[in-house]
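A.B. asks: Quick one: the structure is below, and I'll ask about it shortly.
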Amino acid sequence: MRKLLIFGNSGCGKSTMAKHLAQKHQLTHFDLDTIAWLPTEPPSRAPLDSCRQQLEAFTHANKDWVIEGCYADLLALLAGHANEMVFLNIPVQQCVDNAKARPWEPHKYPSKAAQDENLEMLISWISEYPHRDDELSFAAHQKLFDMFDGHKHMLTENQPFE
């Protein structure tokens, strides 16, 4: 059984890696963005208990999985279920470049134009990653990585991973 967590800054390649691994190894893919936010304007985080229930249901229903996201608080809920972890500690400028080249994400935005309207804010947010102190920060990701006892990898550049 493979139970894999992938995390890092926005734009680091989490979704690309997770989709590749899911297809290659027949893993069920789960993107934490799908549960982390309430559908409000402006967006606000979903309650942790609600997310916990959805994650427990997912991990109980699936034997082999890959879960990806940037939410250290949600990832910490999963760490005890995972046997492998990948921290994509990619340089901020590479994350910005990746975000600019990102294809349309229909599960997040109604259109490519709507996604692109958010790009300036996203680039600013990506750039703040090393300096923030929230659950979406480098510090939170490093702490999660350091505390994990299973098989773990830190990648500092986009590269093939199997």
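A.B. asks: Just read off the accessible area of Lys143 with the full protein assembly in place, 1.4 Å probe, to the nearest 10 Å².
C.D. replies: 130 Å²
A.B. asks: Ordered by packing density, taken as the mean number of other Cβ atoms within 10 Å over each peptide's residues, highest first, how do 65-72, 105-112 rank?
C.D. replies: Put in order of decreasing packing, that is 65-72, 105-112.
A.B. asks: Here is a follow-up. For region 24-111, which whole-number percentage of the solvent-accessible area (1.4 Å probe, protein heavy atoms only) is attributable to carbon and sulfur atoms?
C.D. replies: Looking at region 24-111 in its full context, I get 55 percent from C and S.
A.B. asks: Solvent-accessible area per residue for the chain at a 1.4 Å probe radius, Å²?
C.D. replies: Accessible surface, normalised per residue, equals 53 Å².
A.B. asks: Asp33: net charge of surrounding residues, Cβ under 10 Å, Lys/Arg +1, Asp/Glu -1, itself excluded?
C.D. replies: Cβ neighbours under 10 Å give a net charge of -1.
A.B. asks: With each label point set 7 Å from Cα along the Cα-Cβ vector, what nm distance links His153 and Glu84?
C.D. replies: Placing both labels 7 Å beyond Cα along the Cβ direction yields 0.7 nm.
A.B. asks: Something else: Quick check: net charge around Lys152, other residues with Cβ under 11 Å of its Cβ, Lys/Arg +1 and Asp/Glu -1?
C.D. replies: -3
A.B. asks: Taking the alpha-carbon distance from Lys143 and a cut-off under 22 Å, which lysines remain once sequence neighbours fewer than 8 residues away in the same chain are dropped?
C.D. replies: The qualifying lysines are Lys3, Lys14, Lys152.
A.B. asks: Also, quick follow-up: Ignoring ligands, DNA and RNA, how do Asp116, Asp64, Asp133 rank by accessible area with a 1.4 Å probe, largest first?
C.D. replies: Ranking Asp116, Asp64, Asp133 by accessible area, largest first, yields Asp133, Asp116, Asp64.
A.B. asks: Using unit Cβ charges (K, R positive; D, E negative) and no other charged atoms, how large, in debye to the nearest 20, is the dipole of region 45-86 about its Cα centre?
C.D. replies: Here the size comes out at about 80 debye.
A.B. asks: To continue, here is another question. With the cut-off at 1.5 for a/c, could you classify region 29-162 from its C-alpha gyration tensor as rounded, prolate or oblate?
C.D. replies: Cα axes put region 29-162 in the oblate bin.
A.B. asks: Where the only charges are on Cβ atoms (+1 Lys, Arg; -1 Asp, Glu), what is the dipole of region 42-162 about its Cα centre, to the nearest 20 debye?
C.D. replies: Once rounded to the nearest 20, the dipole reads 180 debye.
A.B. asks: Could you order peptides 8-17, 119-128, 38-47 by the average number of other Cβ atoms within 10 Å of their residues, highest first?
C.D. replies: 8-17, 119-128, 38-47
A.B. asks: If amide H atoms are built 1.01 Å from N in the plane of the peptide, which residues on other chains or at least 5 residues away come under 5 Å of the amide H of Trp37?
C.D. replies: Ala46
The values are calculated or read from the model by the stated rules, or taken from the named source; none is laboratory data. Source: prediction; values computed, not measured. No Cβ is skipped: glycine too gets one built from the backbone with ideal geometry, and neighbour counts run over all protein chains shown. For accessibility, only protein heavy atoms count, side chains too; no ligands or nucleic acids. Shrake-Rupley method; radii C 1.70, N 1.55, O 1.52, S 1.80 Å.
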